[in-house]
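Written below as structure tokens is the structure these notes are about.
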Amino acid sequence: MIETERPLQLAVVIGSTREGRAGAAIARWFVTHANQHAGFEVDVVDLLDAELPAHLPEGATPQQESLAERIDRADAFVVVTPEYNHSFPASLKQAIDSAYEQWFAKPVAFVSYGGVARGLRAVEALRLVFAEVHATTIRNCVSIGLEDGVDASGWVSDPDAARAAKVTLDQLHWWGGALRSARASRPYVS
């Protein structure tokens, strides 16, 4: 199969590990949209299951190596993040820091959620972090208000979010294909 014909490997990263988090339900909602998009094979990376160490050791742990391998296999990412105190969760920063070159020249999109700001301040902070690991962030994102955009079961009920998910996936597919082709034709220079 020609490289451009193979579906993109999309890693959907659930960034919160907090008890009672909304992120797992929001990620399930997003994955239903991603699975309807013909261009992706989806891998859900739930940081709650990653078992990353509480402190960063000098050498990588088996859990960090496993996470880095999943990041390496991915062609594109969607980070599902809440906004905690104007930023993103520490668990997400630790996961990003558990890999480095595996992020290079790959696109990252965001599904954020929260109160009035709908997680957008977390997204803005994450854009800086992903720039440092040479990833390309997609301008458009999905932002969900927990007060009015999620039903009692935790399912996203905001119709604008569904439209934003389609646009985000279309853009992510374009960037994912373009960057995968570029990486295949010549190594990325960091």
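Quick note: the coordinates plus some simple rules give every number you see, no bench work behind them. Just so you know, these numbers come straight off a predicted model, no measurement behind them. Positions of Cβ are backbone-derived with ideal geometry, glycine not excepted, and every protein chain shown enters the neighbour counts.
I'd like the FRET efficiency for K93 and A162, computed as 1/(1 + (r/R0)^6) with the beta carbon distance as r and R0 of 30 Å, rounded to 0.05. Calculated transfer efficiency: 0.55. Proximity of backbone amide H atoms, modeled 1.01 Å from N, is registered between S143 and S112 at under 5 Å, excluding neighbours fewer than 5 places apart on the same chain.
Taking GluC sites (Glu not before Pro) as exposed when DSSP calls them loop and at most 13 other C-beta atoms lie within 10 angstrom, the chain has its longest site-free stretch at 59-146. Spin-label model, A178/W155: points 7 Å from Cα along the beta carbon direction are separated by 3.5 nm. Rounded to the nearest 20, the Cβ-based charge dipole of region 100-146 about its Cα centre (Lys and Arg +1, Asp and Glu -1) stands at 180 debye. Relative to the Cα centre, the charge distribution of region 1-126, modelled as +1 at Lys and Arg Cβ and -1 at Asp and Glu Cβ, gives a dipole magnitude of about 560 debye.
For region 134-151, the Karplus equation 6.51 cos²θ - 1.76 cosθ + 1.60, evaluated at θ = phi - 60°, returns couplings of 6, 9, 9, 8, 7, 4, 6, 8, 9, 10, 10, x, 5, 6, 10, x, 10, 7 Hz by residue, with Gly and Pro reported as x.
Placing a label point 7 Å from the Cα of S190 along the Cα-to-Cβ line, the residues of region 79-105 whose backbone N sits under 14 Å from it are 96-105.
Hull volume per residue, based on the alpha-carbon atoms of region 37-110 and their convex hull, is 109 Å³. Were the residues from H134 through E101 laid out at 0.36 nm apart, the gain over their Cα-Cα distance would be 11.1 nm. Only one residue of Q64, V80, I138 has its Cα farthest out toward the positive end of the dipole of the chain, where Lys and Arg carry +1 and Asp and Glu -1 on Cβ, and that residue is I138.
Placing +1 on each Lys and Arg Cβ and -1 on each Asp and Glu Cβ, with no other charges, gives region 32-190 a dipole about its Cα centre of roughly 660 debye.
Which net charge results for the neighbourhood of G15, defined as the other residues with beta-carbon distances under 12 angstrom from its beta-carbon, given Lys and Arg at +1 and Asp and Glu at -1? Kindly include the intermediate steps, with their values, before the conclusion.
On the way: positive: R18, R21, K93; negative: D46, E83.
Net charge around G15: +1.
Quick check on region 8-102: of the DSSP beta bridges with both residues there, what percent are antiparallel, nearest 5%? Of those bridges, close to 10 percent are antiparallel. Of Y113, Y100, the sequence from fewest to most neighbouring Cβ atoms within 10 angstrom is Y100, Y113. Round to a whole angstrom and tell me the spacing of the C-alpha centers of region 42-107 and region 147-184. Cα centroid of region 42-107 versus Cα centroid of region 147-184: 19 Å apart.
Out of the DSSP beta bridges found with both residues in the chain, what percent are antiparallel (nearest 5)? That works out to approximately 10 percent antiparallel. With a length cut of 18 Å (Cα positions projected on each helix's long axis) and a Kyte-Doolittle mean of at least 0.0, go through the chain and give me the DSSP H helices that pass. Helices meeting the criterion: 23-36, 120-132.
In this structure, the amide hydrogen of Q9, modeled 1.01 Å from its nitrogen in the peptide plane, lies closer than 5 angstrom to those of E41, D75, A76, counting only residues at least 5 positions away or on a different chain.
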